[in-house]
Amino acid sequence: MRLQRWLWVGGAFLMAGAAHGQVRRALAETAEIKAAVAKVKPDALKADPALADCAPKRHQSQDAVDWYCKVGALRLAAAAEKVDAQLPVDQNKPLLKRAKLVSLAFDAADALGFYAPQGEQPQDLPRWKVNAQWEACQAAQELFGAVLEIPEDKPAGKVLETGLPAASAPRLNKPLKRIACDCFDRVVALGRSGFLNEQKEPALVRAQKLTFAIGCNLNTTGRERSLAGLKEREKQDVDFSGVGGATGKAGDLDKDEAQRVADRRKNELKLCVDDGARGAAGSEKMMRCACPLMQRWRFPKRAVDTPLVVNVQVAEKLSTLALEINAKGMVEKCLMADVKK
């Protein structure tokens, strides 16, 4: 009897440990998300290159490693709803349903993004979070692109600037471009917090490229600029899954890509700017602070050995810095732009 009792107690502890391991990686989903995801057919997953390995039922799993499949399934369900340009927003059921699904995709991605498992975290958790957030961003960007195609004088075209009603899509109640851009920022922020390589992680590379393709750096609603950027990407046949900077059929984009990396990261240098600093002395002080930081930056690799120079304007009142970048994407020199080498 005593032996049986100890075997039972030991078995209970083993079962508790196994349950703890499952809880550590399992996530809860809302009934609304679960119902929407369950409607997505395996054939739809197989047809999407990014989600093909999610078939047949990984999108219905509650495991963190499969969570991007769930968000991706919501993206596919949203894309299947074709927007009717002629109907006003309050009567436009396809548009409202699509917006609702995109909003749910954001909720699902955030569930993993804020997930803090008990005990030791899985090594790949940052990558899982980035991939899930990217699927939500792609859903938002696809909705943004669909609305961009609608002429401004059509009823459904107005949501480009106003967003969707909060009651229907609580995550989409502001300009659609801003929603997509903010989502791309979250992808990059998650990648940095998880110490992922920004030049090699596919989801991070895609998020950064689309940030500039739709003009997130421009303070406009972005109808003309964003539509042109997305179409130009399609025309160039740029491979969004590539590593490092993209090059397309239209020509060499090395300098543009390097400049975009510098423009995107220059906000990291604000700590080097003294609000009271002006003139040559202030510029020298700023350079001594900023250059070591920029030496750590990595730019897209290039096929040619010729050094590439990009300018970084840290502050209007101080001198511009010039970075000389080698073919490996590393900063060789950091000087004031008006200093002759």
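Readers should treat all values here as calculations from the given coordinates under stated rules, not as data from a laboratory. Remember, predicted model here, so these are calculated numbers, not experimental data. Ideal geometry is used to build each Cβ from the backbone, glycine not excepted, and the neighbour counts take in all protein chains shown.
The table below lists the values:
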| quantity | calculated |
| --- | --- |
| Computed FRET value (nearest 0.05) for Ala47 with Lys93, which takes r as the C-beta separation and R₀ as 22 Å | 0.35 |
| Packing rank of 111-122, 90-101, where each peptide gets the mean count of other beta carbons within 10 Å, highest leading | 90-101, 111-122 |
| Long-range HN-HN contacts of Met336 with modeled amide H, under 5 Å | Ala322 |
| The range 265-336 - percent relative contact order, Cα under 8 Å, separation 6 or more | 32 |
| Relative packing of peptides 137-147, 195-205 - highest average C-beta neighbours within 10 Å first | 137-147, 195-205 |
| Tensor-based shape of the range 265-336 (alpha-carbon gyration tensor, a/c under 1.5 rounded, otherwise prolate or oblate) | prolate |
